[in-house]
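Down below is the structure, laid out as structure tokens.
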Amino acid sequence: MDEYVALVDVDDRRLLQLIADGCSVAEAADALGWQLRYAGQRLQSLRRRLKVGSTAEVVALVIRWRRA
């Protein structure tokens, strides 16, 4: 699991926390002062780096990290 945490920077964590807490990507982007397109690109990059196919899988990883 540590290998995944190393692939996620502070901005990624902020975005993922908001999404894991129930925000839509648009709401999370707004809360972070980002454009929706930029937030979507960050999520797409995260999915590639973490080798998962969906945002739901990324959120599941965040939830597991919270419990660890």
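Which condition number in (1) within 11 Å of the chain's Cα centre (by Cα); (2) at pLDDT 95 or above; (3) small (G, A, S) is the one that A26 fails?
(1)
Quick one: in the stretch 29-68, which of the residues that are charged (D, E, K, R) and more than 13 Å from D12 (Cβ to Cβ) is nearest to the chain's Cα centre (by Cα)?
Looking at residues that are charged (D, E, K, R) and more than 13 Å from D12 (Cβ to Cβ), I get E57.
Return the only residue of G40, G33 being surrounded by fewer than 11 Cβ atoms within 10 Å (Cβ to Cβ) and not aliphatic (A, V, I, L, M). So that I can check it myself, show each step before the final result.
Details: G40 fails: surrounded by fewer than 11 Cβ atoms within 10 Å (Cβ to Cβ).
None of the others qualify; the one that does is G33.
Would you please list the contacts, defined by Cβ atoms under 7 Å and residues six or more apart or on different chains, that run from a residue in the stretch 40-68 that is more than 15 Å from A20 (Cα to Cα) to a residue that is among the hydroxyl-bearing types (S, T, Y) and surrounded by 15 or more Cβ atoms within 10 Å (Cβ to Cβ)?
Correct list of pairs: L50/Y4.
The values are calculated or read from the model by the stated rules, or taken from the named source; none is laboratory data. Just so we're clear, the structure is a prediction, and the values are computed from it rather than from any experiment. Counting neighbours? That spans all protein chains shown, and the Cβs are built from the backbone with ideal geometry, glycine included.
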